[in-house]
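Asker: Sharing a structure here in structure tokens format.
The values are calculated or read from the model by the stated rules, or taken from the named source; none is laboratory data. Predicted model, so just to flag it, every value in this text is computed and none were measured. Note that we place each Cβ from the backbone using ideal geometry, even for glycine, and neighbour counts take in every protein chain shown. When the accessible area is computed, the model is the full protein with side chains, heavy atoms only, and any ligands, DNA or RNA have been set aside. Shrake-Rupley method; radii C 1.70, N 1.55, O 1.52, S 1.80 Å.
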Amino acid sequence: MLRNWLVYLLGLAGALVFHIYYFGWYSWFVLVLAVALPWFSLLVSLLAMLRTRLRMDAPALLTRNEAAYVTLRAGNGFLPQPLCRFRLTITAVMTGERRSLRQSTQSQGSWYVPLDTAHAGAYLCQVEKARVYDYLGLFRLPVRAPAPVETVIRPVPREPARLPNLRHFLVRQLKPKPGGGFSEEHELRDYRPGDSMREIHWKLSVKTDRTIVREAQEPVRGLTLLTFDLRGTPGRVDATLEELLWLSQWLLDHDTPHQILWIDPTDCETATAPIEAPADLEALLSRLLRTPLRPDTPSLEGRTFPRATWRCHISPQEDAS
């Protein structure tokens, strides 16, 4: 705007000098026109300026390294769109890093700002200091900023470079299945009043002259535990979450409910999430991607958990930046 005013004042000075040294009637006309030009521009621009609206859209959910854009639109309906300037700020919730981009447009079409999807996390896109100018760019009015939009970039599950022993957690004890029913595992015992006739092992009962029943058994699962550290560089956090997703999904695919334990950087207290279904894992991931990181968050790697019958601490080998 300052540059436009300098150009205008230079033109006004030229009109004034022309009027002083030339006595023709149209020198006065040129001077009056130069004086009135800014106000005429404001008058014809005012309706378009007041009607200008900004809109912003961004994908709600992405995966790492997927191409994506923030879509911005400025329009006022049917009038030519005056110049509109604002600052687009993209904030990484996990790291607090802010990226500010100055934007300007004079069309009612859409324009696109590429998103950096190299790292997982939640990103908040905001429009700040939005201003609309008259057609000469000499006056400006504030424009209501659109509501901020959030984009969540998910990590892609990745098999760990060093697989833990995934068989240990399959060592189970068995217990009688409440209510009986079908089971691949069963135990033979003497008949008790109340046992179902369908559970009687007739062939063995005839051979032993005793009434023997098949008692259905079900596995007794101990505590299966995944631990990880939510700290480090963005590259290390990406690798940690990718391996966490892979191992948790592997356990769910093998019908093994488990717990995930970490230290929450928000308060440096231990946090636990029981995972019994894919929805639980999705809820946990959504929470983690919106957690601000701290460099002084303690590690769980050296801690012991006696209650866990199988525990795996996720610690990626490479600390990529």
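Asker: Points 7 angstrom from Cα along the Cβ direction at W28 and D255: gap in nanometres?
Answerer: 10.1 nm
Asker: Magnitude of the Cβ-charge dipole of the chain, K/R +1 and D/E -1, about the Cα centre, nearest 20 debye?
Answerer: Approximately 1020 debye in magnitude.
Asker: For the chain, what is the accessible area per residue in Å² when the probe is 1.4 Å? List each step's numbers first, then the result.
Answerer: Details: 19070 Å² over 321 residues.
I get 59 Å² per residue for this part.
Asker: While we're looking at this one, here's another question. Quick query: amide H of V70 versus all other amide H atoms, modeled in the peptide plane; which residues come in under 5 Å with a sequence gap of 5 or more or a different chain?
Answerer: V113, L115
Asker: Among V206, V143, V17, which one shows the biggest mean-square fluctuation in a GNM of the chain, springs joining Cα atoms closer than 10 Å?
Answerer: The residue with the greatest mean-square fluctuation here is V206.
Asker: For the pair R99/L16, report the inter-label distance in nm, with labels modelled 7 Å from Cα in the Cβ direction.
Answerer: 4.7 nm
Asker: If each of S110 and E128 carries a label point 7 Å out from its Cα toward its Cβ, how far apart are those two points in nm?
Answerer: 2.6 nm
Asker: Now, a different point. No solvent, one uniform scatterer per C-alpha: report log10 I(q)/I(0) for the chain via the Debye equation at q = 0.06, 0.10 1/Å, two decimals.
Answerer: At q = 0.06, 0.10 Å⁻¹ the computed log10 ratios are -0.45, -0.78.
Asker: Could you compute how fast region 1-119 diffuses translationally, taking Rh as the Kirkwood radius over C-alpha pairs and applying Stokes-Einstein at 4 °C with viscosity 1.567 mPa s? Give it in µm² per second. Write down the numbers at each step before the final one.
Answerer: Values: Rh = 18.2 Å.
The calculation lands on 71 µm²/s.
Asker: While we're looking at this one, here's another question. Could you work out what % of the accessible surface of region 218-321 is carbon and sulfur, using a 1.4 angstrom probe and leaving DNA, RNA and ligands out of the count?
Answerer: 49 percent
Asker: Per 10 Å bin, what is the whole-percent P(r) computed from every C-alpha pair distance within region 238-321?
Answerer: The calculated distribution, bin by bin, is 15, 50, 32, 3.
Asker: Out of the total accessible area of region 104-166 (probe 1.4 Å, heavy atoms of protein only), what percent is carbon and sulfur?
Answerer: For region 104-166, the apolar C and S fraction of the accessible surface comes to 50 percent.
Asker: From the backbone phi of region 270-286, what are the Karplus-calculated ³J(HN,Hα) couplings (6.51 cos²θ - 1.76 cosθ + 1.60, θ = phi - 60°) in whole Hz, Gly and Pro given as x?
Answerer: 5, 10, 10, 10, x, 10, 10, 8, x, 5, 5, 5, 5, 5, 5, 4, 4
Asker: Need the C-alpha centroid separation for region 20-39 versus region 79-143, integer Å.
Answerer: About 40 Å separates the Cα centre of region 20-39 from the one of region 79-143.
Asker: Find how much the distance from T266 to D296 grows on full extension, using 0.36 nm per residue of separation minus their present alpha carbon separation; answer in nm with one decimal.
Answerer: 9.7 nm
Asker: Provide Rg and Dmax in Å for region 35-83, with only Cα atoms included in the calculation.
Answerer: 17.3, 57
Asker: Pick out, in residue order, every one of the GluC sites (Glu not before Pro) in region 223-321 that is DSSP loop and has at most 14 other C-beta atoms within 10 Å; say none if there are none.
Answerer: E276, E301, E318
Asker: Within the chain, what's the longest run with no chymotrypsin sites (Phe, Trp or Tyr not before Pro) in a DSSP loop and at most 10 other beta-carbon atoms within 10 Å? Give the range, please.
Answerer: Working: sites that count: F23, F78, F182.
In short, 183-321.
Asker: Treat region 60-137 as a sphere of radius equal to its Kirkwood radius over Cα pairs and apply Stokes-Einstein at 25 °C in a medium of 0.890 mPa s; give the translational diffusion coefficient in µm²/s, rounded to a whole number.
Answerer: Using the Kirkwood radius from Cα pairs, D works out to 175 µm²/s.
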